[in-house]
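Trainee: Next up is a structure, given as structure tokens.
Read-outs throughout are calculated quantities, based only on the coordinates presented, and are distinct from any laboratory measurement. Predicted, not measured: the structure shown is a model, and the values here were computed from it. All Cβ positions, glycine included, derive from the backbone under ideal geometry; neighbour counts span all protein chains shown.
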Amino acid sequence: MIRPPRRLPTLLSRSIAALVLAGVSTLAAAQERVLNLYSARHYQTDEALYANFTKKTGVRINRIEAGDEALLERLRNEGRNSPADVILLVDAARLWKAQIEGLFQPIRSQVLESRIPAHLRAPMGDKGSEWFSFSTRARIIVYNKATIRPEQVQTYEDLAKPALKGQVCTRSGTHPYMLSLIGAVSEHLGEAAAEQWARGVVGNFARSPRGGDTDQIKAVASGECGVALTNTYYLVRMMRSTKPEDREIVSRIGVVTPNQSTWGTHVNVSGGAVARNAPHPDVARQFLEYLASDDAQIYLADGNNEWPVVPSVRVRNEALDALGKFRTDTLPIGSIGRSQITAAKIIDRAGWK
């Protein structure tokens, strides 16, 4: 009689065990909570921000970082198959653009609605909000202390006055930072008056618009320009620098937070939303709520020298504190987004290239 090999049961047992282990692994993977994050932020403090969320919730974060436009293009190309759960962008104009393209979905959250001021959300009626601001920065005026008196530049409107002929420097009018400001001006003054203002600013240019905000600050310090516009975090970054050349630049310029007697200084935001086709919408909402927590607000703001949006949160940043307390524009951030179309028409007609 021929007997079967004795090791057959052993092989069979091993096969069964392998199948069981594979099943357990598949189940564990299915139960693992993950968040797919598309972020235009790229600051060192963000590592602690995400690690803290994972520690608190057990949710693992898969992160893709790129510029705002690159992320939006990726979302468009991925369509319904996009794995993105949460989108973080760093400008109101870009957030609005993504909103009108249908790349976000509205959510309701008592946490977000109670902690984030109403003018820093993009509401969708009874559906909730499509996106939320999580940090702010101000668009201020810097001036050369040797050639310009601060009383000459107390408002954005002053930049169009004949006294500043040949003194004004800005970045391109088509940049989202400028579109947001010009849009806000049009909301306050009306389209016709805003266009007249824009023509006055263009008439006062010291040179054609070029470079970023840091370039404008340097141009003012060198005397190439008398005044310029910049976001606060570019200036604060130089104020906190240990480089002698940066300290020298800061020593030559003065700072004005414009329109304190009228509508307040214009602010822009970094914000986030749940992606339209988010595979994990509940976890996405949980992450946005975490971004409104005290700990996360400090990480978000300090990472880029900005201010938290939650009024009760304070960040220890001596350079920011040196700018002092000032009145900020409370124009609804959603209306600033909608005004981008008007702003684009204004800069085209005014020749603010």
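Trainee: If I compute mean projected area of the Cα convex hull in nm² from the structure I just sent, which labelled value in (1) 16.1; (2) 19.4; (3) 24.0 lines up?
Mentor: (3)
Trainee: FRET efficiency for Lys345 and Lys325, Cβ-Cβ distance as r, R0 = 35 Å, nearest 0.05?
Mentor: Working: r = 35 Å, r/R0 = 1.01.
Using R0 = 35 Å, I get an efficiency of 0.50.
Trainee: Measure off 7 Å from each Cα along the Cα-to-Cβ vector at Lys161 and Gln44, then give the distance between these two points in nanometres to one decimal.
Mentor: It works out to 4.3 nm between the two label points.
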